[in-house]
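K.L.:
Let me give you the structure first, and then I'll get to my questions.
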Amino acid sequence: MPDKTPTDADAVDATGATGATGATGATGPQGGSPGSKGGASASPKSASGRSSTARSARRRSRELAMQGLYQWLVSREDAGAIQAHLVESPGYERADKEHFDALLNGVIAAVDELHAAIVPYLDRKVGELSPVEHAVLLLGAYELARHPEIPYRVVINEAVELAKTFGGTDGFKYVNGVLDRVAARLRPVEAAAAR
């Protein structure tokens, strides 16, 4: 059996929570469907035959939250103004709006706690992180700390995908390494069972 990377669709099946808001289709950073030519109208299926609607809605919410956190980290603009701007972004209608709101506002509210979780595993000062890596690490740490219903491997894989899409060439490797150690600290039982 081929090795399958866990996604939010797997988390949905494992927990019974949908997390979807009626979105259809997977979206990439430019609003198109990844791997499709001209956009797909049907919900794509994962290797197991399950719909990836929930995964794509969650992924879009993470993309938007990461963009908002990037803006907040760079400008320290008011979170409400950032959120109002992102609500007008293309593809917002396909996002899990509840998850987006929880991520953006939750990370900003808990930034000191999240920094305390990631700083021990950084090889540089927080201020020296690229804003993309910083935002992705904060998102990942937040989901690890506050969303135990999402398996830690899903959290890390989704963070790695964000870093690959928006970050520097090897930033995803750094994000993977840091979040793997954060997961071992925040979810020791789950992480130990997976090793």
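K.L.:
With a 1.4 Å probe and all protein chains left in place, how much of the accessible area of segment 57-188 comes from carbon and sulfur atoms, in whole percent?
P.N.:
Ligands and nucleic acids excluded, carbon and sulfur give 51 percent.
K.L.:
Then there's this: With each label point set 7 Å from Cα along the Cα-Cβ vector, what nm distance links residue 98 and residue 116?
P.N.:
Output for this residue pair reads 2.9 nm.
K.L.:
Step through the residues of segment 110-122 one at a time and calculate ³J(HN,Hα) from phi using the Karplus curve (6.51 cos²θ - 1.76 cosθ + 1.60, θ = phi - 60°), rounding each to whole Hz and writing x for Gly and Pro.
P.N.:
Values, residue by residue: 10, 4, 5, 4, 5, 4, 4, 6, 9, 3, x, 10, 8 Hz.
K.L.:
Find the relative contact order for segment 109-188 and round it to a whole percent, using C-alpha pairs within less than 8 Å whose residues are 6+ positions apart.
P.N.:
This gives 34 percent for segment 109-188.
K.L.:
Could you tell me which trypsin sites (Lys or Arg not before Pro) in segment 125-185 are loop residues by DSSP with no more than 15 other beta carbons within 10 angstrom of their beta carbon?
P.N.:
Taking segment 125-185 and a limit of 15 other Cβ atoms within 10 Å, the loop trypsin sites (Lys or Arg not before Pro) found are 125.
K.L.:
Give me the 1.4 Å probe accessible area per residue for segment 137-195, excluding ligands and nucleic acids, in Å².
P.N.:
Ligands and nucleic acids excluded, the figure is 43 Å² per residue.
The values are calculated or read from the model by the stated rules, or taken from the named source; none is laboratory data. Predicted, not measured: the structure shown is a model, and the values here were computed from it. In this analysis, Cβ positions are derived from the backbone assuming ideal geometry, glycine residues included, and neighbour counts consider all displayed protein chains. Keep in mind that these areas ignore ligands, DNA and RNA; they rest on the heavy atoms of the full protein, side chains included. Shrake-Rupley method; radii C 1.70, N 1.55, O 1.52, S 1.80 Å.
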